[in-house]
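Structure record follows, encoded as structure tokens.
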Amino acid sequence: MKNFPELPYHGTEVGGAASVAKLAPNLVTPTQAESLLAAEKRTLEMMANGASLAEVLNDLCAAIDTHASPTASMVCLMDPDGKQLLPCAGPRIPKAFTTAITPWPIGPNTGSCGTAAFTKQRVIIPDVSNDPRWPDDARDLALSYGFRAGWSEPLISKDGEVLGTFCMSYAEPRIPNSQDLEVIKAAGHIALVAIEIERSHLALKNALAEIKNSENRLRTIIDTIPALAWSARADGSAEFFNRPWLDYAGLSGEEAADWGWTVALHPEDRGRLTDHWRSLLATGEAGEIEARLRRFDGVYRWFLLRASPLRDEAGNIVKWYGTDADIEERKRAEESLRASEHNLRLIVDTIPGLVCTLNAAGEVQLLNRQLLEYFGKTSEELKNWTASDAVHPEDLPRVIDLWRRSVESGQRHELELRQRRADGVYRWFQSRALPVRDPEGRITGWYMLLTDIDDRKRAEDALRSNEQNLRLIVDSIPGFVSTFNAAGEVELQNRQVLEYTGKTAE
């Protein structure tokens, strides 16, 4: 393979996108959600700091390649005529391969990217070597560079226009699991945000360059930009809002002028935003902040407000220009994720037992409050339970071996073991673990319940001891002794009976 490292195969080889459509999306793990939100934040920061679209998209691909290793991701942009795709970013994609596929055609059965752009739907090609959606004349090229699987997400604007595609490629046949689908969806969203922001920036930049000396024409063009845009004087007082901004807020230009626009801010955000705006005026730096803006119907929605200074040849700020991007859906997704995590924690903590959840590899993820209190340890300490004193040393090898077998086989796990309480006392527990499977039967995690059976174990030991004592007493009686059940069947005969008859108890 050329310029592309060997990547292990983690999927099950199945055919076509129909199988993928049956996958139910999993809850995104906190770590994954944080990584994707960080990637989105960095993308917005880079755009705000003047990075080129290619730099931003290459940075995004690098982040996804690291986060979702062993993938090699790539972004293609639609050419101006809307008839073919032009590879734009992909640090792990060999340059020779990029050159060879530039431009890439759009249409049915034109690979994952060409087909996704044509159908406006996600396309999953698990195996390039035998999928009819990959064109025959390009198959050998893809295979020669080590690409065996390709998943593509179309990047579609709010107006339904295809702006490009985001592709994740693998060196082995592979079909995505639910978390893979979440990653490609989120990465495609971030790429789309960057492209749309760049389009807005280019529209604004071209407008400013074209009509630098014509304020009226400037206002006309800005009003056509599909974004909430504004400009302010050097002292920060607003002088212009485009038509989409005014229509959204339900204000006239006169009402919004100077500092009148602040009436559209949510009361809880007003002080924070105006303080931030004054700090930008003091430093002369570009910046951004999230705040809620009131719509004309009284509904507040979250926006990302970004401002950049315009300087003259001497470096003095003569104006400020900005855009307000609606991020309400992203904020709701973040809140939903936090609420789901909180609800899951409450549910697990109310279960009257020691409960933990584990990932598909059998690694500890979530521990309920009762479990942490019993062991007197932190979550981090218990995640490495094999190296701690949580399990009795005599039981530990057996527990590790049986748990490994369950994870490898996917069979339910059940055993008895001794576990150390916070005060150092070991008590007997029954451990039960059941696998969680997706609609395709793949294990996505495990749920484990630990039940205290120490009293039962002690009772069993006492019973065995009593039975042994009874046998000794009966065998010491100087005579023949037998006991029978209600049906008259022999239950017990002492040693003297057995020796006299020369027979066994059976």
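The table that follows gives values for the structure above.
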{"quantity": "Surface per residue (accessible, 1.4 Å probe) for segment 54-97, Å²", "calculated": "41 Å²"}
{"quantity": "With every protein chain in place, segment 367-425: carbon and sulfur % of accessible area (1.4 Å)", "calculated": "48 percent"}
{"quantity": "Sorted peptide list for 430-436, 123-129, 225-231, criterion being average Cβ within 10 angstrom, highest first", "calculated": "123-129, 225-231, 430-436"}
{"quantity": "Violating pairs (Cα-Cα greater than 19 angstrom) within the set K158/K185; K83/K120; K41/K205", "calculated": "K41/K205"}
{"quantity": "For segment 144-211, accessible area per residue (1.4 Å probe, heavy atoms of protein chains only), Å²", "calculated": "34 Å²"}
{"quantity": "Two-site FRET efficiency, V299 against D461, from Cβ-Cβ distance with R₀ of 51 Å, rounded to 0.05", "calculated": "0.15"}
{"quantity": "Chain lengthening between E381 and T99 when straightened (0.36 nm per residue, less Cα-Cα)", "calculated": "96.5 nm"}
{"quantity": "Ordering of 276-285, 444-453 by packing [mean C-beta count within 10 Å, highest first]", "calculated": "444-453, 276-285"}
{"quantity": "Segment 364-401: GluC sites (Glu not before Pro) in DSSP coil with no more than 11 other Cβ atoms inside 10 Å", "calculated": "E394"}
{"quantity": "Solvent-accessible surface (1.4 angstrom probe) belonging to D312, in square angstrom, nearest 10", "calculated": "60 Å²"}
{"quantity": "Protein-only accessible surface order, largest first, of V318, V399 at 1.4 Å", "calculated": "V318, V399"}
{"quantity": "Mean Cβ neighbour count within 10 Å, used as a protection proxy, ranking 454-460, 418-424, 100-106 highest first", "calculated": "100-106, 418-424, 454-460"}
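The values are calculated or read from the model by the stated rules, or taken from the named source; none is laboratory data. Only a predicted model underlies this, so the values are computations on that prediction, with no experimental measurement involved. Every residue, glycine as well, gets a Cβ built from its backbone with ideal geometry; the counts of neighbours run over all protein chains shown. Note: areas computed on protein heavy atoms with side chains; ligands, DNA, RNA excluded. Shrake-Rupley method; radii C 1.70, N 1.55, O 1.52, S 1.80 Å.
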